[in-house]
Amino acid sequence: MMKYKALMLVLSLLFVFLAMAVSAAGPIGNGKVENEDEIWARAGFVNPKVELINVDTFYEKIQQVFTHSFDLTLVMFRGTGWSKKVILRRLKKVADIYAQCGVRFGQVTFVEAGAPAPEGVIDFGSPGGNAEQDIAQRVLPTARPILFYFRSIPKFNAYAWPESSEDEDVSDALKNTAWFSLSVTMKLNIKIRHPKYISEAHELGHILLDSLEHVGVGVGNLMAESYEYENDRLTHDQCRRIKEHHLVNPIIK
(Lines give C-alpha, C1' and ligand atoms only; values in the text may rest on other atoms or scores of the structure.)
Protein backbone atom coordinates (compact mmCIF):
# COMPACT_ATOMS: atom_id res chain seq x y z
CA MET A 1 0.00 0.00 0.00
CA MET A 2 2.81 2.38 0.89
CA LYS A 3 4.56 1.58 -2.41
CA TYR A 4 1.31 2.28 -4.30
CA LYS A 5 0.89 5.69 -2.61
CA ALA A 6 4.51 6.58 -3.30
CA LEU A 7 4.07 5.62 -6.96
CA MET A 8 0.92 7.74 -7.26
CA LEU A 9 2.72 10.69 -5.68
CA VAL A 10 5.57 10.42 -8.17
CA LEU A 11 3.14 10.17 -11.09
CA SER A 12 1.20 13.20 -9.82
CA LEU A 13 4.34 15.29 -9.54
CA LEU A 14 5.43 14.17 -12.99
CA PHE A 15 2.05 15.20 -14.43
CA VAL A 16 2.29 18.64 -12.80
CA PHE A 17 5.82 19.10 -14.13
CA LEU A 18 4.77 18.16 -17.67
CA ALA A 19 1.77 20.49 -17.52
CA MET A 20 3.97 23.37 -16.44
CA ALA A 21 6.45 22.65 -19.22
CA VAL A 22 3.74 22.60 -21.88
CA SER A 23 2.25 25.82 -20.54
CA ALA A 24 5.64 27.56 -20.62
CA ALA A 25 6.32 26.39 -24.15
CA GLY A 26 3.19 27.97 -25.55
CA PRO A 27 0.24 26.62 -27.52
CA ILE A 28 0.53 23.24 -29.18
CA GLY A 29 -0.12 23.23 -32.92
CA ASN A 30 2.64 22.45 -35.35
CA GLY A 31 4.97 21.69 -32.46
CA LYS A 32 6.83 25.01 -32.71
CA VAL A 33 6.87 27.96 -30.34
CA GLU A 34 6.15 31.13 -32.27
CA ASN A 35 9.31 33.21 -32.48
CA GLU A 36 9.96 36.84 -33.33
CA ASP A 37 10.71 36.11 -36.98
CA GLU A 38 7.29 34.51 -37.39
CA ILE A 39 5.52 37.43 -35.70
CA TRP A 40 7.11 39.98 -38.01
CA ALA A 41 6.57 37.78 -41.06
CA ARG A 42 2.88 37.40 -40.27
CA ALA A 43 2.66 41.18 -39.99
CA GLY A 44 3.79 41.44 -43.60
CA PHE A 45 7.52 42.08 -43.32
CA VAL A 46 9.40 40.09 -45.94
CA ASN A 47 11.84 37.39 -44.74
CA PRO A 48 12.51 39.13 -41.42
CA LYS A 49 15.60 38.38 -39.37
CA VAL A 50 15.16 39.43 -35.74
CA GLU A 51 17.89 39.49 -33.11
CA LEU A 52 18.69 41.07 -29.76
CA ILE A 53 21.70 43.39 -29.65
CA ASN A 54 24.23 43.08 -26.84
CA VAL A 55 24.25 46.73 -25.79
CA ASP A 56 26.44 46.11 -22.74
CA THR A 57 29.46 46.60 -25.00
CA PHE A 58 28.33 50.20 -25.56
CA TYR A 59 28.88 51.01 -21.90
CA GLU A 60 32.18 49.29 -21.14
CA LYS A 61 34.13 52.57 -21.11
CA ILE A 62 31.36 54.83 -19.76
CA GLN A 63 31.84 55.76 -16.12
CA GLN A 64 28.26 56.60 -15.24
CA VAL A 65 25.62 55.51 -12.74
CA PHE A 66 22.51 54.56 -14.66
CA THR A 67 19.15 55.06 -13.00
CA HIS A 68 16.80 54.55 -15.95
CA SER A 69 16.55 52.56 -19.18
CA PHE A 70 14.33 52.19 -22.21
CA ASP A 71 13.85 49.45 -24.77
CA LEU A 72 14.26 50.16 -28.46
CA THR A 73 13.36 48.52 -31.76
CA LEU A 74 15.42 49.11 -34.91
CA VAL A 75 13.90 48.21 -38.28
CA MET A 76 16.22 48.25 -41.30
CA PHE A 77 14.69 47.66 -44.71
CA ARG A 78 16.73 45.78 -47.30
CA GLY A 79 17.69 47.58 -50.47
CA THR A 80 17.98 50.95 -48.75
CA GLY A 81 21.76 51.15 -48.58
CA TRP A 82 21.74 50.84 -44.79
CA SER A 83 23.74 48.13 -43.02
CA LYS A 84 23.58 46.72 -39.52
CA LYS A 85 27.21 47.69 -38.92
CA VAL A 86 26.58 51.36 -39.73
CA ILE A 87 23.39 51.53 -37.66
CA LEU A 88 25.01 50.00 -34.57
CA ARG A 89 27.98 52.35 -34.88
CA ARG A 90 25.54 55.24 -34.87
CA LEU A 91 23.63 53.72 -31.95
CA LYS A 92 26.80 53.73 -29.86
CA LYS A 93 26.86 57.54 -30.16
CA VAL A 94 23.23 57.61 -29.01
CA ALA A 95 24.23 55.58 -25.96
CA ASP A 96 27.01 58.06 -25.17
CA ILE A 97 24.62 61.02 -25.37
CA TYR A 98 21.87 59.61 -23.14
CA ALA A 99 24.41 58.36 -20.61
CA GLN A 100 24.77 61.96 -19.40
CA CYS A 101 21.20 61.66 -18.07
CA GLY A 102 21.90 58.34 -16.37
CA VAL A 103 19.72 56.69 -19.01
CA ARG A 104 20.79 53.62 -20.96
CA PHE A 105 19.34 51.11 -23.39
CA GLY A 106 17.52 48.12 -22.00
CA GLN A 107 16.56 45.56 -24.63
CA VAL A 108 17.38 46.55 -28.20
CA THR A 109 15.74 44.49 -30.94
CA PHE A 110 17.18 44.67 -34.45
CA VAL A 111 14.93 43.71 -37.36
CA GLU A 112 16.27 43.33 -40.90
CA ALA A 113 13.50 42.77 -43.44
CA GLY A 114 12.09 43.54 -46.81
CA ALA A 115 9.50 46.32 -46.62
CA PRO A 116 5.95 44.98 -46.24
CA ALA A 117 4.46 43.39 -49.33
CA PRO A 118 2.95 43.91 -51.81
CA GLU A 119 4.20 47.49 -52.20
CA GLY A 120 7.64 47.05 -50.64
CA VAL A 121 8.02 50.82 -50.32
CA ILE A 122 11.43 52.08 -49.18
CA ASP A 123 11.10 55.64 -50.57
CA PHE A 124 8.48 58.00 -49.16
CA GLY A 125 6.84 61.03 -50.75
CA SER A 126 6.26 62.94 -47.51
CA PRO A 127 6.34 62.30 -43.74
CA GLY A 128 3.26 60.52 -42.43
CA GLY A 129 2.12 59.25 -45.82
CA ASN A 130 0.02 56.15 -46.44
CA ALA A 131 2.98 53.79 -46.90
CA GLU A 132 4.55 54.98 -43.66
CA GLN A 133 1.27 54.63 -41.80
CA ASP A 134 0.81 51.11 -43.17
CA ILE A 135 4.28 50.04 -42.07
CA ALA A 136 3.92 51.48 -38.56
CA GLN A 137 0.53 49.93 -37.87
CA ARG A 138 1.88 46.45 -38.58
CA VAL A 139 4.28 46.61 -35.61
CA LEU A 140 3.19 45.59 -32.11
CA PRO A 141 2.50 48.63 -29.90
CA THR A 142 4.89 47.26 -27.26
CA ALA A 143 7.83 47.57 -29.68
CA ARG A 144 8.11 51.34 -29.25
CA PRO A 145 10.06 53.50 -29.57
CA ILE A 146 10.92 52.30 -33.06
CA LEU A 147 13.58 53.64 -35.40
CA PHE A 148 12.87 52.86 -39.06
CA TYR A 149 15.67 53.00 -41.63
CA PHE A 150 14.47 53.62 -45.20
CA ARG A 151 16.09 54.94 -48.38
CA SER A 152 14.86 58.41 -49.30
CA ILE A 153 12.28 61.16 -48.94
CA PRO A 154 12.28 64.63 -50.58
CA LYS A 155 13.64 67.50 -48.43
CA PHE A 156 13.95 65.43 -45.24
CA ASN A 157 16.79 63.55 -43.57
CA ALA A 158 15.05 62.30 -40.44
CA TYR A 159 11.92 63.01 -38.43
CA ALA A 160 9.94 61.69 -35.46
CA TRP A 161 6.36 61.42 -34.27
CA PRO A 162 6.08 62.02 -30.50
CA GLU A 163 3.09 60.69 -28.60
CA SER A 164 1.64 64.17 -28.14
CA SER A 165 2.02 65.03 -31.80
CA GLU A 166 0.63 68.39 -32.82
CA ASP A 167 -0.41 66.94 -36.18
CA GLU A 168 -3.98 65.71 -35.76
CA ASP A 169 -3.71 63.57 -38.91
CA VAL A 170 -1.02 61.38 -37.37
CA SER A 171 -2.33 57.95 -36.46
CA ASP A 172 -1.64 56.28 -33.14
CA ALA A 173 0.49 53.74 -35.03
CA LEU A 174 3.01 56.43 -36.00
CA LYS A 175 3.41 57.82 -32.51
CA ASN A 176 6.71 57.07 -30.76
CA THR A 177 8.39 56.23 -34.07
CA ALA A 178 11.31 57.91 -35.84
CA TRP A 179 12.36 57.60 -39.50
CA PHE A 180 15.84 57.88 -40.99
CA SER A 181 16.68 58.39 -44.65
CA LEU A 182 20.05 57.22 -45.94
CA SER A 183 20.82 60.91 -46.53
CA VAL A 184 21.76 61.31 -42.85
CA THR A 185 24.94 59.38 -43.68
CA MET A 186 25.98 61.79 -46.45
CA LYS A 187 29.35 63.41 -45.85
CA LEU A 188 27.87 66.91 -46.20
CA ASN A 189 25.26 66.29 -43.48
CA ILE A 190 27.94 64.90 -41.17
CA LYS A 191 30.49 67.63 -41.90
CA ILE A 192 28.21 70.56 -41.01
CA ARG A 193 27.29 69.13 -37.60
CA HIS A 194 29.05 68.68 -34.27
CA PRO A 195 31.20 65.50 -34.35
CA LYS A 196 29.32 64.01 -31.36
CA TYR A 197 25.87 64.82 -32.71
CA ILE A 198 23.79 62.02 -34.23
CA SER A 199 20.32 62.25 -35.78
CA GLU A 200 18.99 59.21 -33.92
CA ALA A 201 19.63 60.89 -30.56
CA HIS A 202 17.89 64.08 -31.73
CA GLU A 203 14.78 62.28 -33.03
CA LEU A 204 14.63 60.08 -29.93
CA GLY A 205 14.77 63.34 -28.00
CA HIS A 206 11.54 64.45 -29.66
CA ILE A 207 9.94 61.16 -28.63
CA LEU A 208 11.24 60.98 -25.07
CA LEU A 209 10.66 64.70 -24.43
CA ASP A 210 7.24 64.18 -26.03
CA SER A 211 7.55 67.37 -28.03
CA LEU A 212 8.38 68.61 -31.52
CA GLU A 213 9.84 71.82 -30.07
CA HIS A 214 13.49 72.79 -30.50
CA VAL A 215 15.85 74.81 -28.36
CA GLY A 216 16.05 78.37 -29.71
CA VAL A 217 18.72 79.65 -32.09
CA GLY A 218 22.01 80.49 -30.42
CA VAL A 219 21.85 77.79 -27.75
CA GLY A 220 24.02 74.70 -28.14
CA ASN A 221 21.98 71.57 -27.45
CA LEU A 222 21.06 68.17 -28.84
CA MET A 223 17.62 69.60 -29.61
CA ALA A 224 18.85 72.86 -31.15
CA GLU A 225 16.70 74.37 -33.87
CA SER A 226 19.59 75.01 -36.25
CA TYR A 227 22.36 72.60 -37.25
CA GLU A 228 25.02 75.20 -36.37
CA TYR A 229 24.10 74.76 -32.70
CA GLU A 230 23.32 71.03 -32.60
CA ASN A 231 25.64 69.09 -30.32
CA ASP A 232 25.50 66.20 -27.83
CA ARG A 233 24.36 68.13 -24.75
CA LEU A 234 21.13 67.77 -22.76
CA THR A 235 20.13 70.05 -19.87
CA HIS A 236 19.19 68.84 -16.39
CA ASP A 237 15.57 69.71 -17.13
CA GLN A 238 15.61 67.75 -20.37
CA CYS A 239 17.08 64.73 -18.55
CA ARG A 240 14.37 65.00 -15.90
CA ARG A 241 11.62 65.08 -18.54
CA ILE A 242 13.13 62.13 -20.38
CA LYS A 243 13.14 60.05 -17.19
CA GLU A 244 9.48 60.90 -16.64
CA HIS A 245 8.39 59.50 -20.03
CA HIS A 246 6.33 56.34 -19.62
CA LEU A 247 8.60 54.43 -22.03
CA VAL A 248 11.59 55.10 -19.75
CA ASN A 249 11.73 52.92 -16.63
CA PRO A 250 13.67 53.13 -13.35
CA ILE A 251 16.39 50.50 -13.04
CA ILE A 252 15.54 48.30 -10.07
CA LYS A 253 18.60 46.78 -8.42
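The values are calculated or read from the model by the stated rules, or taken from the named source; none is laboratory data. What you see is a predicted model, and the numbers here were worked out from it, not measured in a lab. A quick note on method: Cβ atoms are made from the backbone with ideal geometry, for glycine too, and the neighbour counts reach across all protein chains shown. Surface accessibility is based on the protein's heavy atoms, side chains included, excluding ligands, DNA and RNA. Shrake-Rupley method; radii C 1.70, N 1.55, O 1.52, S 1.80 Å.
Listing for the model above:
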| quantity | calculated |
| --- | --- |
| All positions within the stretch 44-96 that are in a strand (DSSP E or B), open to solvent by less than 70 Å² (accessible area, probe 1.4 Å) and touching a residue at least 60 places away in the same chain (Cβ under 8 Å) | 46, 48, 50, 68, 69, 70, 72, 73, 74, 75, 76, 77 |
| Residues of the stretch 104-134 satisfying the condition of being surrounded by 13 or more Cβ atoms within 10 Å (Cβ to Cβ), in contact (Cβ under 8 Å) with a residue 24 or more places away in the chain, of a type outside the set (Lys, Arg) and not in a loop (DSSP other than H, G, I, E, B) | 105, 106, 108, 109, 110, 111, 112, 113, 114, 123, 132, 133 |
| The lone exception for residue 142 - which of (1) in contact (Cβ under 8 Å) with a residue 40 or more places away in the chain; (2) part of a helix (DSSP H, G or I); (3) surrounded by fewer than 14 Cβ atoms within 10 Å (Cβ to Cβ) it fails | (1) |
| Flag if residue 196 is open to solvent by 20 Å² or more (accessible area, probe 1.4 Å), in a loop (DSSP other than H, G, I, E, B) and among the basic types (Lys, Arg) | yes |
| Any chance residue 230 is over 18 Å from the mean Cα position of the chain (by Cα), within 30 Å of residue 81 (Cβ to Cβ) and not hydroxyl-bearing (Ser, Thr, Tyr) | yes |
| Meets criteria (closer than 22 Å to residue 68 by Cβ, touching a helix residue (DSSP H, G or I) at 6+ places or on another chain (Cβ under 9 Å) and either part of a strand (DSSP E or B) or open to solvent by less than 10 Å² (accessible area, probe 1.4 Å) (or both)) for residue 234 | no |
| Residue among 204, 208, 212, 182 that alone is more than 27 Å from residue 123 (Cβ to Cβ) and either in contact (Cβ under 8 Å) with a residue 40 or more places away in the chain or open to solvent by less than 30 Å² (accessible area, probe 1.4 Å) (or both) | 208 |
